[in-house]
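Step one of this worksheet: look at the structure below.
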Amino acid sequence: MTNNRTRTTDEVFQQIRNFVDGLCRVDRHARDNQFVTNVQLAERNLNRMKDIISTENFENLFEKLTTLNEEIAIGAEITVETTQTETQTEASSEVPNRLMKQRNGRRGNDRYDIDKDHLEHLIKLGCTVAGIAKDGLLGAKIHPNTLHKFIRANGMVPIRARYTNMTDEELTQYIKNINAQYPNSGINEVRSMLKNLKPSIIVQRDRVAKLLAHIDPHGVSRRWAQVIPRRVYSVATPNSLWHIDTNHKLIRWNFVLDGCIDGYSRLVVLLQLHTNNLASSMLSDFLTATNCYGIPSRVRADKGGEFTHIRKLMDEVNGQGRGSFIAGKSVHNVRIERLWRDVYTKVLEKFHDLFYAMEERRVLDINNHVHLACLHYVFGKRIQQCLNFWKLAHNDHPVRLEKNKSPKQLWHNASMLYSNKENTAMTNLFRRDPSEYEPIFERFRNIYTLPEPDSIKIVLPRFSLPLSDEQLGRLSASINVLRESNYDGIDIYVEVMKFVHENVTM
């Protein structure tokens, strides 16, 4: 479906001009490293628009950027932010030297006792050989050449040989499909999505950047013109603080999205769609996330009633009076609010526009319970499939401000680095006896015995298909709601509607 909100060339140019004008207004004494990066980014992306905008407009903006570059070159003072680097240096200094040297019967120096399986695991996480060596992820800081020699000597696949052999024409088709399915996704996200396909496609970043700029030049320009200034954010370790919230962008059609993200690493630990806003559903999702990633030290949420059970669980497991559950305004829930922006623009917006289009075509009537039940049956699964894949790609994409490490790498590597740290997050993850908290979890897992709080502001009605179990079985066997569709799933929705009408007397 063609997106009705696609911006025209004039609108894209106006956005670019506003971005460049904003750079020109920055005070010279406030021009830091991020400012220099933005100027370079603007210049590079402006060249991509050269054939789309008029020559006069191009030259006008290019002249402004040239002036900015000259001012930077002749002595504008740049304030270098070193806080993050110092933090990472301190973290590295805490790593115990677990990588031991051993004699192997050969002449020469002792060899490091490197765990081949652990090294392979780190490489599959996306860690570079240089990063593994310099960050001491194997237990000690070593020279990258030591790892390269180990890889060759032990028959492991060299890093460069892991790239997929594929022509630009073939790769273009894959990127086109991803761009259509997940619009507004940037270079690193597209590359991460390619990696998470089955079979996996691993290609160089430059190839993806070149082809994406050719396929979607307007999208590339929009993204760099909408760069969001990052706030300073700091927590001690992974699992120190999880941010949790519900998203109501599709509430008109009775869809609610539960989400949770680790504050330290930006790892998305939960992204689950529901057709209700129950506290029991949120609790069930949270328990699933803790099974995968451990029990966080603290959870931050707003004051919604849907978090009541999670608040009680956290207070019992980690203790009261220490902020195990922090309730406050959503403006302080920085990580999750940024996550919702990405989830909407890259996943939900397409379905939001699609459902409105279905209403306009009178295919969908939100006042008809059967229509909504059919919508939930078809698109609930399709949206969740998109969310699952986007979550994988997000957790695997490099974060620019974290030296291009992915959330998955940040969570895993920092957990190893801080494993001996005496705080609640690391104690829960590595040293706490499950017998201490398992009885509490077992009691909360029986969610059907927990009463729903009266403080939930939005209570959604439940809609189900008016079919018997035997009819539901035939429907599932005859219609695959996850199959590919040239009509964004509308044809599948119509098929389900037809089946219901044929099997039920309305």
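Just so it is clear, none of the values below were taken in a lab; they were calculated from the coordinates. Just so it is clear, the model here is predicted, and its values are computed rather than measured. When we count neighbours, we look across all protein chains shown, and the Cβ atoms used for this are built from the backbone with ideal geometry, even at glycine.
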Between residue 458 and residue 18, the two model label points (7 Å from Cα along the beta-carbon direction) sit apart by a distance in nm of 2.6
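From the Cα trace of region 168-225, what convex hull volume per residue do you get, rounded to a whole Å³?
Convex hull volume per residue, Cα atoms: 70 Å³.
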If the chain between residue 173 and residue 365 were fully extended at 0.36 nm per residue, the gain over the current Cα-Cα distance would be 65.5 nm
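Rule-of-thumb check for region 114-159: C-alpha Rg over 2.2 N^0.38 Å? Don't jump to the answer; show the numbers that get you there.
On the way: Rg = 9.2 Å, N = 46, 2.2 N^0.38 = 9.4 Å.
Relative to the 2.2 N^0.38 Å estimate, region 114-159 comes out at 0.98.
Using the structure shown, list the pairs from 350/408; 303/381; 195/498; 408/498 with a Cα-Cα distance above 32 Å, or answer none. Please report the intermediate quantities before stating the final value.
On the way: 350/408 27 Å; 303/381 29 Å; 195/498 38 Å; 408/498 44 Å.
Correct reply: 195/498; 408/498.
Using the Kirkwood radius over C-alpha pairs as Rh, can you work out the diffusion coefficient of region 241-445 via Stokes-Einstein at 10 °C, viscosity 1.306 mPa s, in µm² per second? Can you show the working numbers first?
Values: Rh = 18.3 Å.
This corresponds to a translational diffusion coefficient of 87 µm²/s.
Would you mind telling me the antiparallel percentage of the DSSP bridges in region 241-445, rounded to 5?
Approximately 70 percent, going by the DSSP bridge assignments.
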For the pair residue 326 and residue 55, the simple spin-label estimate (label points 7 Å beyond Cα toward Cβ) gives in nm 5.7
Contact order relative to length for region 270-327, counting C-alpha pairs under 8 Å separated by 6 or more residues, stands in percent at 37
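For the peptides 309-318, 37-46, what is the packing order when you average, over each peptide's residues, the other Cβ atoms within 10 Å and list the highest mean first? Intermediate values should be presented prior to the final figure.
Details: 309-318: 19.6, 37-46: 17.4.
Highest to lowest by the protection proxy: 309-318, 37-46.
Run the numbers for residue 479 and residue 248: contour at 0.36 nm per residue of separation, minus the present Cα-Cα distance, in nm.
This chain segment gains 80.3 nm when fully extended.
If packing is taken as the mean number of other Cβ atoms within 10 Å per residue, what is the order of 460-472, 280-292, 404-416, highest first? Show your work: numbers first, answer last.
On the way: 460-472: 13.3, 280-292: 18.4, 404-416: 21.7.
Most protected by this proxy first, the peptides run 404-416, 280-292, 460-472.
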Taking a crude spin-label model, label points 7 Å out from Cα along the C-beta direction, the residue 181 to residue 312 distance in nm is 4.1
Ranked output for segments 483-495, 339-351, 255-267 by mean other Cβ atoms within 10 Å, highest leading, reads 255-267, 339-351, 483-495
